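Peer 1: Please read through the structure below; I'll follow up with questions.
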Amino acid sequence: MNAVVSQPQPDGDPREQPITRNELWTVVAITLLGAAVRFAFPSAMAIEHFDEGVYASNLLFPDQGNEYPDRHLYAPSLVPWLIEWSIIFFGDKGIAPMLPSLLFGTLTIPLIWWVGRQWFGPLSGIAAATLLSLSDFHIAFSRSALTDVPLCFWLLLAVYFFERAFRYLSWAFAVAAGITTGLAWWTKYNGWLPLAISFSGVSAWLLFQGKVKRYFWRRIAIWGLSAVTAVLVWSRFWYSLPNGYGEVTANHRNYVGGFDGWMDRAMQQAEALDTFDSRFLAFVLIFLWLSFLSTPRSHLAWWVRKRIESGAGLDCAELPALGPEFVAYFSTGVSTGLFLVAILAFPFGINVILVTIAALQILVGGFRTVRYHRSLTDSRSEFAVEFASRLRSSFFPPFSQADWLVTAWTIGLTLSIPMYRAYPRLTLPWFLAIILLATRPGEFVRASRLKPQTVWLFPRIILFVIGVVYVGSILPNVAIHTPALQPRTGFRELSARLRDDVFVRSNLPQRAAGTDIRAVLYVYAEPGLFFHLPADSLAVQPAGNLSFVDIEATRRLPTFLVTGPHAHRSQAFADEFAKRADQFELLASYPYDASDFVRLDDVSATQLRTHREPLEVRLYRVRVPE
């Protein structure tokens, strides 16, 4: 490996500090906490979302290559394949369909610690891991059978490999970046994002860091190798598409709104992000603040204190805009920041605070980097100049190569996500970048200056928080409202009642002649419900139209139709059903309440709070002509 360092590192760079046993145990504790919250209350997890039903139902179609009809239009095959094997090993009556997301969600916690540590320093890594571990937003999607959490894992790993490849001019890291990008692409159709992020990020870095332009063509070649590798990894699935990639692209155009309505969709995404915020993380920040009270805080406060102790003095007359009170406040350093963030998190939510900090990092840090070549020339004393420089560097350090990648990641998704239909899950990759940006000032907080007894507080705090989570969740009177743990079992519970009506209330014969199948049940546009309905002697099929009423099997076996919210909102279904209404007999209606996780795909959080639309599933029997 050709270890060409992209830029000189300052003396005592926190990113170069070895991993201590205390830090390692802290990360283990944070990861275990994240796993505990994600796996908590398994009975509340069930297939409910439309796409979940598509991905989890493949094994119900052995005669179609174990693939839900048109499944390739919704996602590539990697996650459905993982769900298949999970069901094979553990069955379909528990958390097996959610297991891939649960595991990838848990593994992303130590991964973001490692990435944050390598890019910004140990405390940045620990802060990022803590924020992700207890993020309601990430927890909610980790407890689903969707593709977004696995995508985020591969995306973060791929961007990290790109940064290493560009930093060290490494062909090995370039190949690793290409492989992980290919896996991201095999997970979700926007898995090519690491290619766009890396190209735009390194382009901005090379544009503003003139001293590294001599490696320009080599870095372009590295990116090209990664792109070719990613395409090769993904090509096997690409070639398996029955009608080529054009069919997938045409389907995705249905969800693109463009710049028309961009602001409305952006606000809807922001509201959804705030909905997945229980304010519980604010309690954790309070505990972290308490743990820092007795420690040296930041390299800025340490420098000021050392100057006073050495007798150099602190002439506040040189800094009339600051004064001694200001310097006194810096004696709390990071702990004050944690406390303020925690206090603000209660009324506004931690996600709002993180987005604000990340935006400031981009605006101020980016501006400082662009103007970095301009020297500071004024009449202030050497002390005043150095103090001001350290003050700026503590909170808004100049951008490194990694910063440009994360900035490109954030800005690119900020502009592009609202161009699509406002599905909350689309913001999950963007949220990872926000966490990394919000925790980057930790680069200048020296972990080596923490007292050993204080560092040991971290695992104890994490264990205490685990206890609070479970006690608070078990005791109804003191339960902590956690949106991520909201039950999603509506379809699972409803399916048992629906099957009873098919077999009992409809007086079906015990056995149809010449076959073990007693009835046929068509489910119109509700894969989430479809997943729960198969049973012995009941043939369950998805339906995209009502033409099944004309086939011969409908005349031989009792045939039923199930419709749900997707059909009831569809004008195409309403028009087709109106033409065939005399061929269907309504047997039962089943009111149910979908979780916020599902409802926020269709309405904004404000609309949901104002009016919670009543939902129902209807069971029809097909009338056979005499």
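Peer 1: Percent of accessible area on segment 43-90 owned by carbon and sulfur, 1.4 Å probe?
Peer 2: 59
Peer 1: I would also like to ask the following. Per residue, what accessible area does segment 30-69 have, given a 1.4 Å probe and all protein chains present, in Å²?
Peer 2: 33
Peer 1: How would you order 246-258, 180-192, 568-580 from highest to lowest mean count of nearby Cβ atoms within 10 Å?
Peer 2: For the peptides 246-258, 180-192, 568-580, the packing ranking is 180-192, 568-580, 246-258.
Peer 1: 5 Å is the cut-off here: which amide hydrogens, built 1.01 Å from N in the peptide plane, fall below it relative to residue 587, excluding neighbours closer than 5 in sequence?
Peer 2: 619, 620, 621
Peer 1: Taking Cα pairs under 8 Å and at least six residues apart, what relative contact order does segment 65-162 come out at, in percent?
Peer 2: This gives 29 percent for segment 65-162.
Peer 1: Something else: Mind checking the per residue accessible area of segment 488-626 for me, 1.4 Å probe, whole number of Å²?
Peer 2: 49
Peer 1: If you find the alpha carbon centre of segment 538-568 and of segment 16-57, how far apart are they in angstrom?
Peer 2: When both Cα centres are located, 39 Å separates them.
Peer 1: Related question: Quick check on packing: order 552-564, 228-240 by the mean number of other C-beta atoms within 10 Å, highest mean leading.
Peer 2: 552-564, 228-240
Peer 1: Moving to a separate point now. Take the alpha-carbon positions of segment 55-176, form their convex hull, and give its projected area averaged over all directions (one quarter of the hull surface) in nm².
Peer 2: Value for segment 55-176: 9.1 nm².
Peer 1: Using DSSP to define loop residues, name the trypsin sites (Lys or Arg not before Pro) in segment 21-116 whose beta-carbon has at most 13 other beta-carbon atoms within 10 Å.
Peer 2: Sites meeting the loop and neighbour criteria: 93.
Peer 1: Could you sort the peptides 51-61, 78-88 by per-residue average Cβ neighbour count (10 Å cutoff), highest mean leading?
Peer 2: Final packing ranking: 51-61, 78-88.
Peer 1: Just to confirm a number: summing +1 for Lys and Arg and -1 for Asp and Glu over residues other than residue 147 whose beta-carbon lies under 15 angstrom from that of residue 147, what do you get?
Peer 2: So the environment of residue 147 carries a net charge of -1.
Peer 1: Suppose accessible area is computed on protein heavy atoms with a 1.4 Å probe; arrange 23, 585, 616 from highest to lowest.
Peer 2: 585, 616, 23
Peer 1: Just the accessible area per residue of segment 114-187, please: how many Å² with a 1.4 Å probe?
Peer 2: Ligands and nucleic acids excluded, the figure is 15 Å² per residue.
The values are calculated or read from the model by the stated rules, or taken from the named source; none is laboratory data. Since this is a predicted model, take the numbers as computed values, not measurements. Backbone-built Cβ (ideal geometry, glycine too); neighbour counts: all protein chains shown. Calculation scope for accessible area: heavy atoms of the full protein, side chains included, ligands and nucleic acids excluded. Shrake-Rupley method; radii C 1.70, N 1.55, O 1.52, S 1.80 Å.
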